[in-house]
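Nothing in this text is a laboratory measurement; each read-out follows from the coordinates by a stated rule. As the structure is a prediction and not an experimental result, all values here were calculated from the model. Methodologically, a virtual Cβ is constructed for each residue, glycine included, from the backbone with ideal geometry; neighbour enumeration extends over all protein chains shown.
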Amino acid sequence: MVVRVGLTGGIGSGKSTVLQILAQLGAAVIDADAISRATTAAGGAAIPAIAQRFGSDFIGPDGALDRARMREHAYADPQARRDLEQIIHPLVGAQSARQVEAALAAGVPCIVFDIPLLVESGRWRAQVDQVLVVDCSEATQVQRVVARSALEPEAVRAIMAAQATRAQRLAAADIVICNDGISLEELRHMVVQAAHGFGL
């Protein structure tokens, strides 16, 4: 019996680190973000439809989606964000399904779906057995993202405001890993403990 785990957490929560640890422990990882980025890279499956809907101004000289421009436009215009999601989500779903088939064929005990918008989408809950939320305070989120990127604190807070709230994520969780004020080794220990329950 394969355990399907939905992994989510706000920007700067440390979700990617938790995902890496789970992969090291033997989980098959379905990274919706990575698949999404591939669809909007040069030659990606979403590029023709994005150019048709939003115009060639949103495609960079390299043939990839101009992510900064689209992010600004999509945050300012909820309909634009919905339109973009309607283009990308089916493509991500199809590629995810192919990766799941490959994981099942390989006989892995656990498949982890990295789903940044698990709570927001509403459709994922029924597709996973457990929801694992990586949590930290909002102040920590801002601090981490500012430290690793060129974004200003206000820009980080705007991204956070467009995501599910911390309370909404915690309400959807079966398991919570609190990644606040702890070392990488302590985080790894908590992930290993959770992974035992996933057959890893």
Checklist line | Residue (of ILE47, GLN143, THR8) at the positive-pole extreme of the chain, dipole from beta-carbon charges | finding: ILE47
Next item on the list: Mind running the shape call on the stretch 61-200? Use the C-alpha gyration tensor, a ≥ b ≥ c as the square roots of the eigenvalues: rounded below 1.5 for a/c, prolate if a/b tops b/c, oblate otherwise.
Entry: oblate
Checklist line | Amide H partners (placed H, <5 Å) of ASP31, local residues excluded | finding: ASP114
Margin query: Going by amide H atoms built from the backbone, whose H comes under 5 Å of the H on GLY6, apart from near neighbours?
Written below: PHE113, ASP129, GLN130, VAL131, LEU132
Next item on the list: Taking only Cα atoms and a 10 Å spring cutoff, compute GNM fluctuations for the chain and point out the largest among ASP135, ASP77, ASP114.
Entry: ASP77
Next item on the list: Within the stretch 122-172, list the trypsin sites (Lys or Arg not before Pro) lying in a DSSP loop whose Cβ has at most 13 other Cβ atoms in a 10 Å radius.
Entry: ARG123
Next item on the list: Assign unit charges at the C-beta atoms only (+1 for Lys and Arg, -1 for Asp and Glu), then state the dipole size of the stretch 73-200 relative to its Cα centre in Debye, rounded to the nearest 20.
Entry: 140 debye
Check: Expressed as an acute angle from 0 to 90° and rounded to the nearest 10, what is the orientation of the C-alpha long axis of helix 184-196 relative to the principal long axis of the chain?
Finding: 70 degrees
Notebook entry, point to check: Amide H of ILE59: which non-local residues (sequence gap of 5 or more, or other chain) have their own amide H closer than 5 Å, using H built in the peptide plane?
Noted result: ASP66
Next item on the list: On a 0 to 90° scale, report how tilted helix 153-162 is relative to the longest principal axis of the chain, with both axes built from alpha carbons and the result rounded to the nearest 10.
Entry: 80 degrees
Notebook entry, point to check: With axes computed from alpha carbons, what is the tilt in degrees of helix 78-106 against the longest principal axis of the chain, rounded to the nearest 10 within 0 to 90?
Noted result: 40 degrees
